[in-house]
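Notes follow once the structure below has been shown.
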Amino acid sequence: MKRERSIPIASEGDAAAVFGGDSLMGRLRDAALEVLSPTRCAGCERPGALICEACLSRIEVIDPAHACTRCGAPFGDMLCTECGVASEEASEGESAAAAAPEAPEARAVDRCLAATVFADPVPRIIRTYKDAGERRLGALIAELMFDAAEHAEQVVPERYGGLLRDADAVAFVPVTAAAFARRGFDHMELIARSFSGLSGLPLVDALAKHGSADQRALGRAGRMERSRDAYEVVAPVGGLRLLLLDDVITTGATMRAAATALRAAGAAHVDALAFARVW
Ligand SMILES: [Zn+2]
Ligand SMILES: [Zn+2]
């Protein structure tokens, strides 16, 4: 198992280095790294590209013309069945307030788009990025997310029009302090920085996350419970139209909780964009 490289690929806040690295020193450093530890595909581990052509072509892209605009689910059309039954299902559990249509959280996210389906090779790519510390994947994931947003805006303006064009700034769902300490970086911050560079939208580091529980270790109910009110807004967002980024949407509870906090702090509009949707 490969741990983090000792030489960072890009210095903090240096978005250009993520894409470029085309200075002589940058190229020499990259060449040296390639000899020491050749780049392997995050999807299939074949040496060569960060994500090989074969794996790129296997990624299941979500068609924005048929996605659920509330949760990003593929083939959801206007409302997916999951969003349709959410209130019914929640009324049986304790966390009914989190999903009931009457709750402010339910409407906190204006529109939601996910770029891909969380299916092979996407889970491996995300694991390699987050847990194996292959930080160069951040720029690539940002590019896939940006392409998805741009495409959706162009082909179905009646559904996703203005997703990029009308946004004032990009925000992201941050990791917990514990996850930051474990991984040494905030994986969404890195993606958001690249995304900001690609889109020309300013990045607002608006949210802080409390609690140390790893989301994946909790069940669906636990996740909904835990992520409610778990975010604190730490930058001015009053009156802003925000595009909120996260890597994976599972129940949508995380995006809703983050968007609810941003709304409470005065954000005028919150659209959500994820790399992948669990389905
Ligand atoms: Zn591959
Ligand atoms: Zn839905």
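How charged is the neighbourhood of residue 46? Take every other residue with its Cβ under 12 Å from the Cβ of residue 46, and add Lys/Arg as +1 and Asp/Glu as -1. Each step should come with its number before you reach the end.
Working: positive: 40; negative: 45, 53.
For residues surrounding residue 46, the net value is -1.
Hey, could you get me the Stokes-Einstein D for segment 111-198, Kirkwood radius over alpha-carbon pairs, 25 °C and 0.890 mPa s, rounded to whole µm² s⁻¹?
Estimated via Stokes-Einstein, D reaches 175 µm²/s.
List, in order, the whole-Hz ³J(HN,Hα) value for each residue of segment 264-279 obtained from phi through the Karplus relation with A = 6.51, B = -1.76, C = 1.60 and θ = phi - 60°; use x for Gly and Pro.
Result, ordered by residue: 4, 8, x, 4, 7, 7, 9, 9, 10, 9, 10, 6, 9, 10, 6, 9 Hz.
From the phi angles alone, apply the Karplus equation (6.51, -1.76, 1.60; θ = phi - 60°) to segment 60-70 and give each ³J(HN,Hα) in whole Hz, x where the residue is Gly or Pro.
Whole-Hz 3J(HN,Hα) from phi for segment 60-70: 8, 7, 7, 7, x, 6, 10, 6, 6, 6, 9.
Tell me, what HN-Hα J-couplings in whole Hz come from the Karplus equation 6.51 cos²θ - 1.76 cosθ + 1.60 at θ = phi - 60° for each residue of segment 132-142, using x for Gly and Pro?
9, x, 7, 5, 4, 5, x, 5, 5, 5, 4
Let me check I've understood the local charge: for residue 174, count other residues with C-beta under 11 angstrom from its C-beta, Lys and Arg +1, Asp and Glu -1. What total comes out? Please list the in-between numbers first.
Working: positive: 209; negative: 186, 189, 205, 232, 246.
Charge balance in the 11 Å sphere: -4.
Kirkwood Rh over alpha-carbon pairs of segment 111-277, then Stokes-Einstein at 20 °C and 1.002 mPa s: what D in µm² s⁻¹, rounded to an integer?
In µm²/s, the coefficient rounds to 135.
For residue 114, enumerate residues with amide H under 5 Å from its amide H, sequence gap 5+ or separate chain, H modeled in the peptide plane.
For residue 114, whose amide H was placed from the backbone, the distant partners under 5 Å are 274.
The numbers here are math on the coordinates, done by the rules we state, and not lab data. Owing to the predicted nature of the structure, the values given are computational and were not obtained by experimental measurement. Heads up, the Cβs are rebuilt from the backbone with ideal geometry, glycines too, and the neighbour counts pull from every protein chain shown.
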